[in-house]
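Below is one structure, written out as structure tokens; comments come after it.
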Amino acid sequence: MVPDLHQRGVEMIGVPSTSSLLSSRLAPLVVLVPAIVVTACGGSSGTGSPTGPSSVSATITGSGVSTYTYTTDVRPILNADCVQCHGPSQRQAGVDLSSYSGVMQVTAAGNASSILILVTQPGGAMYSQLSGNRNVKAGTIYDWVVNSHAAE
């Protein structure tokens, strides 16, 4: 009982408790760790989280193709440009793009605001990681999600 009364007395006179000191020391880590993950994936701390809401909007809307499939059209893009960081061995930011089910964790069929679309758009956290013609790849991903309804 004495430590409890002592603790209350210390807190009442304005001396921070051990738990509040610990939480104040950990607070910067809450901000720093997500910034490191985004930066490590090629994004910047100013573009938003690769798996969270983003201020990026879809500016490349594809060509309206509605016959794209994951297996034929999207998997090759993801295997070439994404799986090395977002695959079964690394899963950066908790994302694994090596399978259809993994991709569907960041994709909502028919939704132009799907995370996969937003991060692969110009200004998106992962756009710079696309090789070759980035605009064509971003357009293919957009068409697959929105117009082809993320067909497998």
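The values are calculated or read from the model by the stated rules, or taken from the named source; none is laboratory data. Note that the structure is predicted; figures quoted are calculated from it, not measured. Here Cβ is always computed from backbone atoms with ideal geometry, including for glycine, and neighbour counts include all displayed protein chains.
May I ask you to list pairs of residues, at least six apart or on different chains, whose Cβ atoms are under 9 Å apart, with the first in region 53-70 being closer than 11 Å to Ser113 by Cα and surrounded by 14 or more Cβ atoms within 10 Å (Cβ to Cβ) and the second being small (Gly, Ala, Ser) and at pLDDT below 90?
Taking only residues 6 or more apart or on different chains, the pairs are Ser54/Gly48; Val56/Gly48.
When only residues in region 69-110 that are of a type in the set (Asp, Glu) and part of a helix (DSSP H, G or I) count, which is farthest from Trp144 (Cα to Cα)? Break it down into steps so the answer makes sense when it comes.
From region 69-110, those of a type in the set (Asp, Glu) are 73, 81, 96; that's our starting set.
This time we only want the ones that are part of a helix (DSSP H, G or I), so: 73, 81.
Numbers: Asp73: 8, Asp81: 17 Å.
Among those residues, the one meeting the criterion is Asp81.
Among (1) part of a loop (DSSP other than H, G, I, E, B); (2) within 14 Å of Val74 (Cα to Cα), which single condition is Lys137 missing?
Result: Lys137 fails condition (1) only.
Which one is farthest from Ser66 (Cα to Cα) among residues in region 140-152 that are outside any loop (DSSP other than H, G, I, E, B) and more than 17 Å from the chain's Cα centre (by Cα)?
Within region 140-152, the match that is farthest from Ser66 (Cα to Cα) is Thr140.
Give me the pairs, please: first residue somewhere in region 88-113 and farther than 19 Å from Gly124 by Cβ, second residue anywhere and surrounded by fewer than 16 Cβ atoms within 10 Å (Cβ to Cβ) and among the acidic types (Asp, Glu), beta-carbon distance under 9 Å, and either six or more positions apart or on two chains.
Tyr100/Glu152
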